[in-house]
Amino acid sequence: MSVHSARRGKVTHLELRKMKEQGERIAMLTAYDYSFARLCDQAGTDILLVGDSLGMVIQGQKNTLPVTMEHMIYHCQAVARGVEAASGRAMVVGDLPFMSYQSDLDEAMKNAGRLIKEGQAEAVKLEGGAEYCELVRRLTRVGIPVMGHIGLTPQSLHALGGFKVQGRDDLAGQRLKSDALALAEAGCFSLVLEGIPQELGAEITESLAIPTIGIGAGPECDGQVLVIYDLLGMNEEFRPRFVKRYENFAVRVRTAIDSYIGEVRSGAFPGPEHSFSRVEKSKDRPRAVAVGGVVAESEGRQVDSIGVGCIPIRPLGPKAT
Ligand code: KIV
């Protein structure tokens with residue numbers, strides 16, 4: 001288990017508020033599938049956002065607009081299972097996709113309910129300002145925690161004229177500040193601030209009792225969020241200023257695959273250690289079985305079954321309480 005997760009139990013909106021009060025920064029990441037969610041939770045990530053950014057990084061769309069409720073539910077389920085398979089500590093937040101909440105309050109309520117009920121998310125996120133206060137009030141009243149999202153809101157890409165930094169002039173900055181206050185007042189438990197000047201990020205953070213989570217909003221926010229694939233460097237062409245790369249997966253993944261192809265072509269893979277015999281004496285059985293390049297841990301026990309992909313044979317780590 002990571003040192004970052006060892007300290008705390010299950011992350012809830014109460015825990016997040018406490019973190020803000022104690023000046024402890026919140027680490028949020030996007031996740032879209034079981035395997036990454038499991039690793040993110042093991043590493044101690046506080047919040048996993050199943051972002052509609054999946055339209056771009058998973059589906060290869062130009063923007064987030066084509067994402068549907070069905071896509072979101074499918075990915076929320078996978079992420080919830082990943083967290084559950086690890087420590088169960090991270091909070092899972094599901095993004096409400098474009099036009100699932102904008103046109104009708106009742107439909108918005110139903111769609112948010114589906115992310116919780118079918119998707120197993122623990123909270124929902126929606127983009128927009130004070131115009132969504134009534135929806136936020138209704139959702140919180142029925143027990144659905146809501147994370148707001150203001151600034152550069154990608155679902156309004158066309159209205160904003162592109163992916164552009166927001167709130168640079170005084171008037172726009174004032175409008176974002178009053179949106180932030182209104183959403184907090186309506187009951188949002190947290191607010192994502194995206195693509196705004198760092199001074200504005202700091203002012204909004206100071207003015208709110210709820211935690212702010214920044215992405216391109218400066219260091220004074222109560223927490224930060226990044227798209228996991230950006231942090232890992234999966235796309236070499238995507239280099240915006242607000243992203244810090246902690247890995248170069250594009251190169252590492254290609255190198256690993258290149259080695260695999262080379263060994264398949266040369267016949268070096270599979271070797272005897274990756275192959276089965278018709279008759280296998282029990283002392284010859286492997287203590288760990290590698291499938292798809294992943295070694296399933298056996299802790300000295302004999303492994304009779306074959307692991308599949310990266311599904312672990314034994315459960316991981318203690319559960320958060
Ligand atoms: O969809 C998403 O991933 C997001 C985050 C970048 C905040 O909204």
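For the chain, the dipole from Cβ point charges (+1 on Lys and Arg, -1 on Asp and Glu) about the Cα centre works out to 1020 debye, to the nearest 20. Computed from phi, the 3J(HN,Hα) profile of the range 40-51 under the Karplus parametrisation 6.51, -1.76, 1.60 (θ = phi - 60°) reads 4, 5, 4, 6, x, 4, 7, 10, 10, 9, 7, x Hz, with x in place of Gly and Pro.
Counting charges near L160 (Lys, Arg +1; Asp, Glu -1) among other residues having Cβ under 12 Å from its Cβ returns a value of -1. Add -39500 (n - 2.57) for each DSSP H run of 4 or more in the chain, then divide by its residues: what number comes out at 222 nm, to the nearest 500 deg cm²/dmol? Per the formula, -11000 deg cm²/dmol.
Note on the chain: dipole from Cβ charges, positive end direction compared against L135, V50, V264; the farthest Cα belongs to V264.
Here the simple spin-label model places points 7 Å from the Cα toward Cβ, and for F269 and I58 these points are separated by 2.6 nm.
For the range 240-257, 3J(HN,Hα) computed residue by residue from phi via the Karplus equation (6.51, -1.76, 1.60; θ = phi - 60°) reads x, 4, 7, 9, 10, 8, 9, 8, 10, 5, 4, 6, 5, 5, 4, 5, 4, 5 Hz, glycine and proline entered as x.
Amide hydrogen proximity for S190: with H placed 1.01 Å from N in the peptide plane, the residues at 5 or more positions away or on another chain lying under 5 Å are G148.
Taking every lysine pair in the range 3-231 that is 8 or more places apart or spans two chains, those with Cα atoms closer than 24 Å amount to 15. Taken one residue at a time, the phi angles of the range 155-169 give Karplus couplings (6.51, -1.76, 1.60, θ = phi - 60°) of 5, 9, 2, 5, 5, 7, x, x, 7, 10, 4, 10, x, 6, 8 Hz. Gly and Pro are set to x. Entry note, the range 3-231: relative contact order of 19 percent, from Cα contacts under 8 Å with a spacing of 6+ residues. Residues whose amide H falls under 5 Å from that of G88, counting only those 5 or more places apart or on a different chain, are A320, with hydrogens built in the peptide plane. Applying both filters, DSSP loop and at most 16 other Cβ atoms within 10 Å, to the trypsin sites (Lys or Arg not before Pro) of the range 150-214 gives K164, R168. A cut-off of 5 Å between modelled amide H atoms, ignoring neighbours fewer than 5 places along the same chain, links G216 with G195. Expressed as a fraction of 2.2 N^0.38 Å, the value expected for a compact globular protein of N residues, the C-alpha radius of gyration of the chain is 1.12.
Just so you know, all these numbers are worked out from the coordinates, no wet-lab data involved. Bear in mind that the values here come from a model prediction, so they are computed numbers and not experimental data. Every residue, glycine as well, gets a Cβ built from its backbone with ideal geometry; the counts of neighbours run over all protein chains shown.
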